[in-house]
Amino acid sequence: MKVSIFHPEFQTRPYWWDAFTPHPLPELELPHEAQVVVIGSGYAGLSAAIELSRNGIGCIVLDANEPGFGGSTRNGGMVSGGVNVGKGYVAKALAPEQAIPFLEDAADAFGYIEDLIARENIDCGWTKSGYFLGAWSTKHFLDMQKKVDILNAHASADAYLVPPDRQREEIGSDYYRGGLVIGRAAHLHPALYFKGLLNIAKRLGIPIASKTPVIQLDEVGTGWDVKTPRGTIKARDVIIATNGYTGAVTPELKRRVVPVGSYIIATEELPDGLAEAISPRNRSIADTRRVLTYYRLSPDRKRLIFGGRAKFAPTELKEAAQILHGFMTDRFPELKSIRLTHAWTGNVAFTVDEMPHMGKFGNLHYALGCNGSGVAMMSYLGHQTARKIAGRINRTCAFDRPEFPDHPLYNGNPWFLPLIGTYFRSRDWLDRQLDR
Ligand SMILES: Cc1cc2nc3c(=O)[nH]c(=O)nc-3n(C[C@H](O)[C@H](O)[C@H](O)COP(=O)(O)OP(=O)(O)OC[C@H]3O[C@@H](n4cnc5c(N)ncnc54)[C@H](O)[C@@H]3O)c2cc1C
């Protein structure tokens, strides 16, 4: 008899929501005016609002759903300092000298979130246990050698290579051809980190309106009319912090971010010793496959949280969970009989140049485009955007650039994703064939 991979209590919602479920806040009356309206209440929006408030700038945060509904309570909770900047899967990879300012600011983003969590005493399982990037092919491993020095010099990464014969010190699997360790990396409980930000915002008295979608933005004089079904707010400045949920209200930005569903499964509690065997150093783990997977133990080190691009088109969660279970057992065959308790999805925002962006589109501020790594980065870019509005920056952030490229074939409808999926799968297959 075939045994189900689904635990009897299997749920299609984030494992993290067992500790904190996004919920609507008490309804508040919308003001007629605000100095700044922040659209989107994830890490970016709340980080911006907190910094604005600390600089004496009045703001309100509007979210179409519950605060934290987006990627900010759904992600893998893996926090890296710069290693993911400009991956170069589709866009041309940056030359090392071009990458330096971005690596430096990505490293700054890591320092920012680490300090914030310590200073505000946010109880979110922050664990600085490093990151292991598995090389899918020997060529990928050799390419990693070129990156180590620059990561150490400019992203304070504490990076080193792990040859295949020492890989088992990092991960209980022979799936990869060696890999790269980034010592300056961490993982956290994403929903509890979000809850920590929400609590700071509440303490500062920042108004947050849930279930309040912005349906139209009109530029009026030097400010904005921000229209919602519950009324219109006149604002001097508006910050768009909608990342993978960016919609038709900002068509010029929608054309610049491609929402891609990422999927995660959580296992039931693993038998004694198994969690330590598959992740002896409790690292965050990802790999260089184009059909990427990323995984880590739960904060209590009892379960495996395993994410990846199960499919490149909208998929039923149970089907996605089955695909991810297959990916998981490719790496750890000993997990074949382990059942899943949770599966969920959320939108990641990709950009044409695979880089995060902050800046101004016309008169509209934005912090968008996490490209899959936004726990530190989107918090940082929200914070930086607020400092810019407050006139409190003494140097321009590397991610604050006038150019935010679009693509002639993309108008906001990601019809091409299944084609990219096919291309990625073929390239992964070829990379491994060339290895033989
Ligand atoms: C499955 C998954 C796994 C991930 N894993 C990792 C990881 O391990 N490490 C990492 O660093 N990053 C990871 N990420 C990325 C990370 O979660 C995001 O970068 C980050 O949460 C983005 O935060 P944000 O505040 O920019 O946007 P979000 O948290 O997505 O919030 C956007 C908000 O905008 C609101 N909104 C949209 N339109 C409107 C409108 N018109 N009016 C009002 N509100 C609106 C939405 O309701 C939503 O709440 C992952 C993402 C996903 C989905």
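With axes computed from alpha carbons, what is the tilt in degrees of helix 317-331 against the longest principal axis of the chain, rounded to the nearest 10 within 0 to 90?
40 degrees
With label points built 7 Å along Cα→Cβ from the Cα atoms of Tyr160 and Lys139, find their separation and express it in nm.
Those two pseudo-labels are separated by 2.9 nm.
Give me the percent of accessible area attributable to carbon and sulfur for the chain, probe 1.4 angstrom. Walk me through the numbers on the way to the answer.
Working: 9620 of 18200 Å².
Looking at the chain in its full context, I get 53 percent from C and S.
Report, for the chain, the % of DSSP beta bridges that are antiparallel, rounded to 5.
Numbers: 49 of 70 bridges.
Here the share of antiparallel DSSP bridges comes out near 70 percent.
With the chain treated as a Gaussian network of Cα nodes joined by springs under 10 Å, which of Ala349, Ala266, Ala153 yields the largest mean-square fluctuation?
Most flexible of the set in this elastic network: Ala153.
Cβ under 11 Å from Ala398's Cβ, Ala398 left aside: what net charge do those residues give with Lys, Arg +1 and Asp, Glu -1?
On the way: positive: Arg395, Arg401; negative: Glu104, Asp105, Asp108, Asp400.
So the surrounding residues net to -2.
Calculate, in nm to one decimal, what Ala153 and Asp406 gain on full extension: separation in residues at 0.36 nm each, minus their alpha carbon distance. Kindly include the intermediate steps, with their values, before the conclusion.
On the way: separation 253, 0.36 × 253 = 91.08 nm, distance 3.17 nm.
Gain on stretching Ala153 to Asp406: 87.9 nm.
How would Lys227, Lys2 rank on accessible area, largest to smallest, probe 1.4 Å? Provide the component values of the computation, followed by the final result.
On the way: Lys227 65, Lys2 185 Å².
Sorted by accessible area, descending: Lys2, Lys227.
Heavy atoms only, 1.4 Å probe, whole protein assembly: order Arg255, Arg119 by accessible area, highest first.
Numbers: Arg255 60, Arg119 150 Å².
Of Arg255, Arg119, the descending order of accessible area is Arg119, Arg255.
Order these peptides, 280-291, 154-165, 374-385, 139-150, by their mean beta-carbon neighbour count within 10 angstrom, highest first.
Working: 280-291: 21.2, 154-165: 17.8, 374-385: 28.5, 139-150: 15.5.
Ranked by mean Cβ neighbours within 10 Å, highest first: 374-385, 280-291, 154-165, 139-150.
What does the accessible area of Asp115 come to, in Å² to the nearest 10, when a probe of 1.4 Å is used?
Accessible area of Asp115: about 90 Å².
Once the convex hull of the alpha carbons of segment 298-436 is built, what does its volume come to per residue, in cubic angstrom? Present the calculation step by step, with values, prior to reporting the outcome.
Numbers: hull volume 26.3 nm³, N = 139.
Each residue corresponds to 190 Å³ of Cα convex hull volume.
Determine how large the accessible area of Arg401 is when every protein chain is in place; take a 1.4 Å probe and give Å² rounded to the nearest 10.
Estimated to the nearest 10 Å², Arg401 gives 40 Å².
List the residues of segment 256-296 whose backbone N lies under 18 Å from a point placed 7 Å from the Cα of Ser426 along the Cα-to-Cβ direction.
The answer is 290-292.
Per residue, how large is the accessible surface of segment 1-56? Use a 1.4 angstrom probe and give square angstrom. Before the final figure, lay out each step's value.
Working: 2940 Å² over 56 residues.
Dividing the accessible area of segment 1-56 by its residue count gives 53 Å².
Is there a quick way to get the dipole size of the chain? I mean about its Cα centre, with the Cβ of Lys and Arg at +1 and of Asp and Glu at -1; what is the value in debye to the nearest 20? Don't skip to the answer; put the middle values down first.
Numbers: 50 positive and 46 negative charges, 95 e Å.
With only Lys, Arg, Asp and Glu charged at Cβ, the dipole is about 460 debye.
Between Asp115 and Glu334, what's the calculated FRET efficiency when r is the beta-carbon distance and R0 is 41 Å? Round to 0.05. Intermediate results must be reported in sequence, preceding the final value.
Values: r = 39 Å, r/R0 = 0.95.
The formula returns an efficiency of 0.60 here.
Leaving out ligands and nucleic acids, note down the accessible area per residue over segment 344-436 with a 1.4 angstrom probe, in whole Å². Let's see the in-between values first.
Details: 4200 Å² over 93 residues.
For segment 344-436, the solvent-accessible area averages 45 Å² per residue.
In the structure shown, do any of Lys139/Lys311; Lys254/Lys311; Lys147/Lys254; Lys195/Lys227; Lys211/Lys302; Lys2/Lys302 have a Cα-Cα gap over 31 Å, and if so which? The partial results should precede the final answer.
On the way: Lys139/Lys311 26 Å; Lys254/Lys311 22 Å; Lys147/Lys254 33 Å; Lys195/Lys227 27 Å; Lys211/Lys302 35 Å; Lys2/Lys302 25 Å.
Long pairs (Cα-Cα over 31 Å): Lys147/Lys254; Lys211/Lys302.
Applying a 10 Å radius around every beta-carbon, put 68-81, 295-308 in order of their mean neighbour count, most first. Provide the component values of the computation, followed by the final result.
Numbers: 68-81: 27.2, 295-308: 21.5.
Per-residue Cβ counts within 10 Å, averaged per peptide and sorted highest first, yield 68-81, 295-308.
Give me the dipole magnitude in Debye, nearest 20, for segment 34-144 about the Cα centre, with unit charges on the beta carbon: positive for Lys and Arg, negative for Asp and Glu.
Values: 7 positive and 12 negative charges, 70 e Å.
Computed charge dipole of segment 34-144: roughly 340 debye.
Just to be sure I understand: with springs between alpha-carbon atoms less than 10 Å apart, which residue in Pro408, Pro229, Pro31 has the highest mean-square fluctuation in the Gaussian network model of the chain?
In this elastic network of the chain, the residue with the biggest mean-square fluctuation among Pro408, Pro229, Pro31 is Pro408.
Can you work out the PRE-style zone for Lys318? Point 7 Å along Cα to Cβ, and I want the residues of segment 5-40 with backbone N under 15 Å.
5-13
Relative to the longest principal Cα axis of the chain, at what angle does helix 417-433 sit, 0 to 90 degrees, rounded to 10?
Helix 417-433 sits roughly 30 degrees off the main axis of the chain.
Using a 1.4 Å probe on the protein heavy atoms only, what accessible surface does Cys59 show? Give it in Å² to the nearest 10.
10 Å²
The values are calculated or read from the model by the stated rules, or taken from the named source; none is laboratory data. The model shown is predicted, which means the values in this text are computed figures rather than measured ones. When we count neighbours, we look across all protein chains shown, and the Cβ atoms used for this are built from the backbone with ideal geometry, even at glycine. Heavy atoms of the whole protein, side chains included, go into the accessibility calculation; ligands, DNA and RNA do not. Shrake-Rupley method; radii C 1.70, N 1.55, O 1.52, S 1.80 Å.
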